[in-house]
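Q: Pasting a structure below so you can have a look.
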Amino acid sequence: MASVTASTTPQTRPERSAVESGPASPPHEPAGDAVGEGADNPRASSSRLGSLARRMGLIAAVWITVLLVAGGLALDRTLTNQVRQNFDEQLEYILTAMIASAEIDSFGDVYFYRSLGDQRFLEPNSGLYWQISGGETDPWPSRSLWDRTLQVSGDHFDNEAHFYDSDQFEGEPVRVAERTIILPGSETRWTFAVASATEEMDYQIQQVRLILVWSFAVLGFGLIVMALLQIRYGLQPLRRVRAAISKLRTTGENRITEPLPSEVQPLVEELNGLLEHSEKQAEEARTHAGNLAHALKTPLTVLTNAATARSPDLNEAVFRETRTMQRHVDHHLARARAVGRRAVGHARTDVRASAEAVRRAVERLYPEGRLDIAGSRDSMVAIERQDLDEILGNVIENAAKYGGGSVFVTVDVEPESEDCLIWIEDDGVGIPASERTRIFDRGARLDTGKPGTGLGLAIVRDVAEIYGGGVKLDESEDLGGLLVELRLPRA
């Protein structure tokens, strides 16, 4: 028989191993509304999320196992079919040699004019047998059959060799090849049959499968180990990022400067941007606190001196200085609120809706005035609604208070511009060009005959700049009064 060499098929799934060397997940801060043990235990939160290395290792192990099992089964079927095909070809070769050696004698019986070369046909129970049957005569068996007879199906005509398995011999399964022939000089249909024990074929198939199992098991184990090593090496930059973050916390550095792979670098850049944003916010908070302390220092000193000297105008001094302190507090609170809301995320506010809301409020305060709004109805700016209401409210209320009675608002004057441009015009006396810079100072007022704190335009400028916008004063060409030009970032 021809020998068959093969590679392997896994009959068992390789055991999945956890990647102990993968990067541990950094502690996660619990959510503000989390309760229970998981909320107070970062490790518990991390275990709920799962290990990235463990997930990748599990996916690799499952996928490798599926592919190896499918490939192994396909290879097993191919190789076992090849073994059976080789076995059948040998049987067909012997069958063809029998037919070629057969002739009809003078009595009408079949005989071989030359002997078959395989010695096993002469040895009883050797495992290789032949038999010729047909007509009314008894079957002519090989000596190896001894006192047994092959049970063949002679009731049909096989032009080609017909192969089938048979268990007619107890304890000795055989594979039979038979063919029906009408020999020259005879009208009888003769059935030539060759049978061979399948023990040798079964042994070859068993060896093929054993080789497949061991080789595919080793291959699967090697592939899983390679995948785990690849995961460990591939996730190493994340461990370096974790170490860099820990270094930031312990050494006081404010940036991650270590070079990292291109896939991780965007994460580092975003993290550095977040650190820069946090530093800017902290610096703004310190500046606000320092400015407020400096602004309150003078009024407090005046009140302390007046109280120490028992000044007769102490009541008037207290009233005047507390109003000054109140202005400073309002101004810095407005800035702090704007900074805090800006840090939340990217806002989207409808300019027209905010302007309409401000108009309704201003018309109740100044019912004798006229306020018109024109321009885009769908312009959106990247500002929180409360801050946009405060900006427009201060500017429009000033226009209604100090103008001549008419206020005109134009939304999105330049639709193609990167920023959203808003014009607020009135028909008042306007502001001289020499005073347009000083008017933005805290407490600066040109008309002291009407109530106010002098903080409106200062708050407008500060809040607009916090969001990356700006404000500019000019003269209105249409109404002749003041033109306030707001430039705010478009959403």
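The values are calculated or read from the model by the stated rules, or taken from the named source; none is laboratory data. This structure is a prediction, so every number in the text was calculated from the model and none was measured. Here Cβ is always computed from backbone atoms with ideal geometry, including for glycine, and neighbour counts include all displayed protein chains. Heavy atoms of the whole protein, side chains included, go into the accessibility calculation; ligands, DNA and RNA do not. Shrake-Rupley method; radii C 1.70, N 1.55, O 1.52, S 1.80 Å.
Q: What are the residues in the stretch 90-125 that are of a type in the set (F, W, Y) and in contact with a Leu (Cβ under 7 Å, 6 or more places away or on another chain), if any?
A: F121
Q: Between T188, T198, which is in contact with a strand residue (DSSP E or B) (Cβ under 7 Å, 6 or more places away or on another chain), in contact (Cβ under 8 Å) with a residue 24 or more places away in the chain, open to solvent by less than 50 Å² (accessible area, probe 1.4 Å) and not acidic (D, E)?
A: T198
Q: Still on this structure: Among the listed residues L52, L122, L128, which satisfies the condition of being open to solvent by 70 Å² or more (accessible area, probe 1.4 Å) and over 44 Å from the mean Cα position of the chain (by Cα)?
A: L122
Q: Restricted to the stretch 273-300, and to residues that are under 30 Å from A317 (Cα atoms) and open to solvent by 70 Å² or more (accessible area, probe 1.4 Å), which residue is modelled with the highest pLDDT?
A: Within the stretch 273-300, the match that is modelled with the highest pLDDT is L300.
Q: Starting from the stretch 43-64, take each residue that is farther than 22 Å from Q230 by Cβ and modelled with pLDDT under 50 and list its partners that are open to solvent by less than 70 Å² (accessible area, probe 1.4 Å) and in a helix (DSSP H, G or I), counting only C-beta distances under 7 angstrom and pairs at least six apart or across chains.
A: What qualifies is A44/G38; S45/G38; R48/G38.
Q: Moving on to the next point. Consider I211 against the criteria (1) open to solvent by 40 Å² or more (accessible area, probe 1.4 Å); (2) at pLDDT below 90; (3) more than 20 Å from Q90 (Cβ to Cβ): it satisfies all of them except one. Which criterion is unmet?
A: Answer for I211: the failing condition is (2).
Q: Under 7 Å between Cβ atoms, at least 6 apart or on separate chains: pull out the pairs that start in the stretch 244-262 with a residue that is under 14 Å from E279 (Cβ atoms) and end on any residue that is outside any loop (DSSP other than H, G, I, E, B) and open to solvent by 80 Å² or more (accessible area, probe 1.4 Å).
A: E253/K247
Q: Give me the pairs: first residue in the stretch 364-381 and open to solvent by 100 Å² or more (accessible area, probe 1.4 Å), second residue not acidic (D, E), beta-carbon distance under 8 Å, and six or more apart or on different chains, which are they?
A: As it stands, the answer is L365/A400; E368/G405; R370/G405; R370/S406; R370/V407; R377/R352; R377/V411; D378/R352, since those pairs meet every condition given.
Q: Among the listed residues V218, V174, which satisfies the condition of being open to solvent by 40 Å² or more (accessible area, probe 1.4 Å) and of a type in the set (V, I, T)?
A: V218
Q: Looking at (1) part of a helix (DSSP H, G or I); (2) open to solvent by 60 Å² or more (accessible area, probe 1.4 Å); (3) under 30 Å from G57 (Cβ atoms), which one does T250 not meet, given that it meets all the others?
A: (3)
Q: May I pose another question? Conditions: (1) within 20 Å of L274 (Cα to Cα); (2) part of a helix (DSSP H, G or I). W214 meets all but one. Number of the miss?
A: Exception for W214: condition (1).
Q: Which of the numbered conditions does L388 fail, given that it passes all the others? Conditions: (1) under 16 Å from G481 (Cβ atoms); (2) of a type outside the set (K, R); (3) not in a strand (DSSP E or B).
A: That leaves (1) as the condition not met.
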